[in-house]
Structures are given as C-alpha cells and as structure tokens.
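What follows is a set of notes on a single structure, which appears directly below.
The values are calculated or read from the model by the stated rules, or taken from the named source; none is laboratory data. No experiment lies behind these values; they were computed from the predicted model shown. A quick note on method: Cβ atoms are made from the backbone with ideal geometry, for glycine too, and the neighbour counts reach across all protein chains shown.
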Amino acid sequence: MNELPLKGIVVLEFSQYLSGPSAGLRLADLGARVIKIERPGTGEAGRKLAIKDLWVDDNSLLFHTINRNKESFTANLKSAEDLAIIKKLIAKADVLIHNFRPEVMGKNGLDYTTVQQINPRIVYAEISGYGKKGPWKDKPGQDLLLQSVSGLAYTTGNGSNGPVPFGISIGDIIAGSQLVQGILGALIRRSKNGKGALIEVSMLESLLDFQFELLTTYFTTHQQPKRSVIANGQPLLGAPYGIYDTADGHIAIAMMDIHVLADTIGCDEIKQFSKTETFSKRDEIKTILAAHLHKQSTNYWIEHLHDAGLWAMNVLNWEEMTNEDAYQSLQMEQTIKAGDKEIITTRCPIRIDGKRIVNERPAPQLGEQDEKIRRELGVVN
C-alpha cells in the first residue's frame with residue numbers, strides 16, 4: 001500500500017473505555033502514531049473492563065481489541081516532573097484526545113487554553129457525555145444511560161415492548177467516529193492556515209444526530225413516532241418493513257409495493273389494503289403477513305422474493321454470517337499476537353487506493369514505550 005494518509009501525525013490519547021480509544025484506533029489505522037497516556041501501575045480503566053470475563057495476559061480482551069497499534073506512556077499528572085514531560089510531548093504532538101469529564105483535564109493543567117499556549121497548532125479533541133454546560137453536564141456519560149435519555153431506546157424493538165437498547169455501545173462508537181471527522185477537518189484546515197482547533201463532541205449530541213430522520217419528523221408533527229406492534233424495523237416506515245418469523249428461522253423484508261408482494265408470496269389477504277394504507281394499517285398488514293410467512297422456510301420465501309426483484313434477506317447469527325462466501329470475500333478479520341495468544345478481531349473497514357488497511361501490531365503493555373519516548377524527548381530517568 002502507498003503511504004498511509006496520517007503518517008507523521010502524532011496523537012496523544014488521554015482516554016479510557018470506548019469512545020476516546022475508538023477514535024484513537026481509527027487514527028492509528030490511518031497511519032498516525034497514537035500514544036496512550038496512562039496512569040502508572042494501573043493504566044486506563046479499560047484494561048480491567050472484561051466482556052464475558054475474557055482476558056489476554058493481564059488486560060481485557062476488549063482493551064486489546066480497541067487499543068491495537070498504539071503506544072503506551074505512563075505519567076502521574078499530579079507529579080510536576082511527569083507533567084513537565086507530558087508538556088514536552090504536547091509541544092511535539094499534532095492531536096490531543098480525551099474523553100474525561102470537562103473539568104478533569106483542567107485540574108491537571110491540560111485544558112485547551114493551556115495546551116494551546118504550549119502548542120498553538122495542536123488539534124485538541126474531546127468527548128463528553130452531555131457537553132460542558134447545562135444541567136446534565138455532570139451526569140455519567142455511560143452508553144446505556146445515553147441511549148435511554150436520548151430517546152434512542154424507543155426506536156428499537158416492537159411497540160408491544162418497553163424501550164429496547166441497541167446490543168452494542170452505539171453512543172461510544174458514533175461519538176468516536178464523529179470526533180475523528182472533526183479532527184480530520186481541523187488537520188486539513190491547519191494545513192491551509194497553520195491554526196490549531198478545539199473539537200468538541202458529546203455522546204448526547206452524537207445520538208441526537210444519529211436520530212435525525214426521527215427527530216425531524218417529530219419537530220414537524222409534534223408526535224412521538226410509534227413502533228410497529230409487530231415486526232418493527234423502523235418507526236417511520238409502513239408495512240411490510242420488518243423482520244418476521246418463518247417456518248425455520250427469520251426473514252427481513254424491506255420497502256416494497258404490498259400488492260406486488262401479495263402476488264409474489266401468494267398472500268391475497270393483504271390486497272384488501274390500499275397502497276396508501278401501508279402506514280396507517282401497518283400492524284394489521286404485518287399481522288397477516290406474519291401468519292402467512294410462518295408457513296414456509298426462509299429460503300423458500302427468499303427465492304420467490306429475489307426472483308421477483310424484491311428486497312429481502314436472511315437474518316443471520318454470527319456463525320451463519322461468517323460461513324457465508326459474501327462475508328469471507330470481505331476479509332474483515334485480522335490476527336493479532338498478544339504475548340503467547342493470538343486474537344482474531346476486525347480490521348479497519350476503510351480501503352485506500354483499493355487496498356485494505358491491516359495492522360497486526362497488538363495493544364501495548366502498560367508503559368511499554370516509556371523508555372523509548374523519554375529518550376526521544378531527551379529526558380533521563
């Protein structure tokens with residue numbers, strides 16, 4: 001592959017858990033040198049956040065997944081000596097990322113105003129839970145809590161259920177992705193005028209932006225979008241949009257003319273509804289469809305629907321998905337060796353000039369680059 005676009009860019013990552021580290025991961029994938037600044041002895045909290053009690057050496061599998069291809073430098077920010085070293089690093093860095101509460105970096109003398117005085121060209125990028133102002137600014141910025149207060153949990157699951165959260169930390173990952181967008185924009189601007197920037201993203205704003213379709217509709221109608229009672233796929237879309245049981249599994253059906261669908265699958269009963277009633281009579285249509293689709297296998301319906309050019313797909317679990325030729329052709333997996341263990345994880349999804357971005361470098365051990373970075377800075381222990 002040709003040289004990665006961020007080669008030569010130095011990123012200091014003062015981050016923990018998911019949102020900040022996910023941003024650092026993507027910048028590292030794109031060629032930046034990402035240095036995690038961690039507490040001596042314990043490191044960032046994500047090292048001990050184990051999902052399904054899975055560990056690699058003394059660190060969680062999650063930590064290894066989201067911190068691959070980075071360096072680790074330990075510093076006690078309450079120590080004047082260590083803080084002086086950090087400020088030397090800041091003077092040489094291009095980007096600083098943090099996802100601590102707004103006041104934390106300020107208490108350590110690393111707020112934007114102070115950092116900008118050290119390095120006016122730096123792009124200072126921060127993620128908060130709810131922003132720096134307002135009555136929620138000190139609330140815990142945890143993903144499930146943000147999904148709940150942002151209304152997102154009322155977009156998922158059927159209307160007959162209570163609120164249903166996403167099965168992934170969607171707020172963390174979206175905020176991290178949007179922070180990267182802001183950083184890249186600021187780096188482009190800096191290349192033109194030499195000025196640094198302050199980039200601010202809150203998880204709440206990220207999740208509100210994520211719901212722009214639903215919120216725009218709400219602002220227009222002043223009515224809460226309602227989920228289908230059955231087979232909800234998207235609260236704003238009418239029948240047949242949703243996931244249905246079949247005789248041996250499930251099938252996902254997208255937008256389509258319900259009369260064409262009726263002819264294709266032999267369900268004349270839904271022809272009683274006009275094409276303009278697919279939203280107002282959504283649950284009635286879906287109830288009839290659900291009973292009809294349960295009579296045959298998923299593949300039976302898929303074959304008929306695809307032959308008619310209608311949009312439908314199997315609903316796969318991860319075992320089924322990873323055995324599909326379509327998945328294997330993407331080559332989304334990469335192997336990382338951490339100590340004496342091999343970890344299979346996903347690669348960067350971006351391709352540049354037709355080439356996949358793969359880097360097998362594992363997450364760093366705590367303080368692994370301490371000596372190297374001190375030498376680079378001319379600091380002697």
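Here are some notes:
- Residue match in region 113-121 (condition: in contact (Cβ under 8 Å) with a residue 60 or more places away in the chain, in a helix (DSSP H, G or I) and over 25 Å from the mean Cα position of the chain (by Cα)): yes
- Only one of the numbered conditions (1) under 21 Å from Y327 (Cβ atoms); (2) hydrophobic (A, V, I, L, M, F, W, C); (3) without any contact (Cβ under 8 Å) to a residue 12 or more places away in the chain is not met by V315, and that is (3).
- Contacts under 7 angstrom Cβ, first residue in region 72-99 being in contact (Cβ under 8 Å) with a residue 60 or more places away in the chain and over 25 Å from L27 (Cα atoms), partner among the hydroxyl-bearing types (S, T, Y) and outside any loop (DSSP other than H, G, I, E, B), 6 or more apart: none
- Restricting N119, N108, N158, N99 to residues that are polar (S, T, N, Q), in the same structural domain as P21 (by TED's automatic domain parsing) and touching a Gly at 6+ places or on another chain (Cβ under 6 Å) narrows the list to N99.
- Region 341-381, subset within 24 Å of the chain's Cα centre (by Cα) and hydrophobic (A, V, I, L, M, F, W, C), residue farthest from G41 (Cα to Cα): I352
- Test: residue in region 336-348 that is assigned to a loop (DSSP other than H, G, I, E, B), among the small types (G, A, S) and either assigned by TED's automatic domain parsing to the domain that holds S22 or loosely packed, with under 14 Cβ neighbours inside 10 Å (or both): yes
- If you go through region 241-266 and keep only what is of a type in the set (A, V, I, L, M, F, W, C) and either in contact with an Asp or Glu (Cβ under 6 Å, 6 or more places away or on another chain) or buried (at least 19 other Cβ atoms within 10 Å of the Cβ) (or both), you end up with I251, I253, M256, I258, L261, A262, I265.
- Pairs, first among the β-branched types (V, I, T) in region 278-290, second surrounded by fewer than 16 Cβ atoms within 10 Å (Cβ to Cβ), C-beta under 6 Å, six or more apart: I288/E269
- Among all residues of region 126-136, there is at least one that is modelled with pLDDT of 95 or more, among the hydrophobic types (A, V, I, L, M, F, W, C), crowded, with 18+ Cβ neighbours inside 10 Å and in the same structural domain as S22 (by TED's automatic domain parsing).
- Inspection of region 27-40 finds a residue satisfying the criterion of being more than 20 Å from K372 (Cβ to Cβ) and touching a residue at least 12 places away in the same chain (Cβ under 8 Å).
- Residues located in region 350-381, provided they are loosely packed, with under 15 Cβ neighbours inside 10 Å, in a strand (DSSP E or B) and in contact with a helix residue (DSSP H, G or I) (Cβ under 9 Å, 6 or more places away or on another chain): I350
- Pairs, first under 18 Å from Y124 (Cα atoms) in region 198-219, second assigned to a strand (DSSP E or B) and among the acidic types (D, E), C-beta under 6 Å, six or more apart: E200/E126
- Annotation note: of L204, L214, L152, the sole residue that is crowded, with 20+ Cβ neighbours inside 10 Å, within 30 Å of I230 (Cβ to Cβ) and of a type in the set (A, V, I, L, M) is L152.
- Hits in region 286-319 - residues which are assigned to a helix (DSSP H, G or I), within 23 Å of the chain's Cα centre (by Cα) and surrounded by 12 or more Cβ atoms within 10 Å (Cβ to Cβ): none
- Restricting attention to region 1-46 and to residues that are part of a helix (DSSP H, G or I) and among the hydrophobic types (A, V, I, L, M, F, W, C), the residue that is surrounded by the fewest Cβ atoms within 10 Å (Cβ to Cβ) turns out to be A45.
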